[in-house]
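Q: Below you'll find the structure I mean.
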């Protein structure tokens, strides 16, 4: 019959302790504690033995006790809505990479709807998992007046209606749309049609508002907005009914632009000879479309890194960030989908 230690069970079948791990690994309890706290004062071979013993016994360090000693759980909570969307997924990827570089791990909750109730519940759930701070990525329907976050919890937000209430990192949406509209007008287009994103999206509404204001200020006609939902299909459907007189279309994102280009092709309208098309985001496929897509590049990796940096400034006791809102620049990338009108 196997002994308790050989079978991977602690003596008595109770909770696994540091002592159980130390006996199995053949080291002292202090060595196990050092490994659990990621100390550098342990030889690699010894660390491997201790980690193997932890895995065999199912030992998990007490995060609460570690936090009391170190002042940090080294865990960041992230609340996001619609992780399947390009902006959200790439921003979270940037957060994960930046957190890893700082020695932090991520606890992620993807809420079903971006309401204050959903976001509040997600924040409370993450708080119980022992996090040092919270990043909220585009919880569009949550508002400062209705959102109840745990008291004293460091929070940063990105592209949501909470900007102004909490420190925020945002892409320069206005600057990106300005560059796109000015590019098309400089090519000689009389006006620019807009395939906009959904009304429940803060970035979409900012882009639409700036597009409208730029055309008005330039004394150009403002066409009726076309409403999509970020998807390829919505761009395609809008392209099937875009105004036959349109010579330039600014799409709210690259997916909608790709759908728009296909629909225009099916209608016998060439891009860019008959219609110029501009996207927003610069996703990987943009330069491999035909024609390659002129677009506004967003630096999602930097947005994620800035969110982590701003949060850790608060966690580490450096006080409020100098900026309440940090803007990450966008960049106009000119490819072959835009040209002067015939």
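The values are calculated or read from the model by the stated rules, or taken from the named source; none is laboratory data. Predicted, not measured: the structure shown is a model, and the values here were computed from it. For neighbour counting, all protein chains shown are included, and Cβ atoms are generated from backbone atoms with ideal geometry for every residue, glycine included.
Q: Within the stretch 261-277, take every residue that is more than 24 Å from residue 300 (Cα to Cα) and in contact (Cβ under 8 Å) with a residue 60 or more places away in the chain and give me the one that is surrounded by the fewest Cβ atoms within 10 Å (Cβ to Cβ).
A: Per the criteria, the residue is 273.
Q: Taking the residues in the stretch 122-143 that are part of a loop (DSSP other than H, G, I, E, B) and closer than 17 Å to residue 202 by Cα as candidates, determine which candidate is modelled with the highest pLDDT.
A: 138
Q: With the requirement that a residue be surrounded by fewer than 18 Cβ atoms within 10 Å (Cβ to Cβ) and touching a helix residue (DSSP H, G or I) at 6+ places or on another chain (Cβ under 6 Å), what does the stretch 294-317 give you?
A: The one that is surrounded by fewer than 18 Cβ atoms within 10 Å (Cβ to Cβ) and touching a helix residue (DSSP H, G or I) at 6+ places or on another chain (Cβ under 6 Å): 301.
Q: May I pose another question? Could you tell me which residue of the stretch 161-187 is surrounded by the most Cβ atoms within 10 Å (Cβ to Cβ), considering only residues that are modelled with pLDDT of 95 or more, over 20 Å from residue 197 (Cβ atoms) and in contact with a helix residue (DSSP H, G or I) (Cβ under 9 Å, 6 or more places away or on another chain)?
A: Looking at residues that are modelled with pLDDT of 95 or more, over 20 Å from residue 197 (Cβ atoms) and in contact with a helix residue (DSSP H, G or I) (Cβ under 9 Å, 6 or more places away or on another chain), I get 185.
Q: For the stretch 245-257, how many residues are surrounded by fewer than 24 Cβ atoms within 10 Å (Cβ to Cβ) and touching a residue at least 24 places away in the same chain (Cβ under 8 Å)?
A: Result for the stretch 245-257: 2.
Q: What is the number of the single condition among (1) surrounded by 19 or more Cβ atoms within 10 Å (Cβ to Cβ); (2) modelled with pLDDT under 90; (3) farther than 30 Å from residue 253 by Cα that residue 119 does not meet?
A: (3)
Q: Something else now. Evaluate the stretch 23-30: report whether one residue or more is modelled with pLDDT under 85, on the phi < 0 side of the Ramachandran plot and out of contact with any helix residue (DSSP H, G or I) (no Cβ under 7 Å at 6 or more places or on another chain).
A: Taking the stretch 23-30 first, the residues modelled with pLDDT under 85 are none.
Taking every residue of the stretch 23-30 in turn, none turns out to be modelled with pLDDT under 85, on the phi < 0 side of the Ramachandran plot and out of contact with any helix residue (DSSP H, G or I) (no Cβ under 7 Å at 6 or more places or on another chain).
Q: Could you tell me which of the residues 213, 227 is surrounded by fewer than 18 Cβ atoms within 10 Å (Cβ to Cβ) and touching a strand residue (DSSP E or B) at 6+ places or on another chain (Cβ under 6 Å)?
A: Selected residue: 227, the only one of 213, 227 that is surrounded by fewer than 18 Cβ atoms within 10 Å (Cβ to Cβ) and touching a strand residue (DSSP E or B) at 6+ places or on another chain (Cβ under 6 Å).
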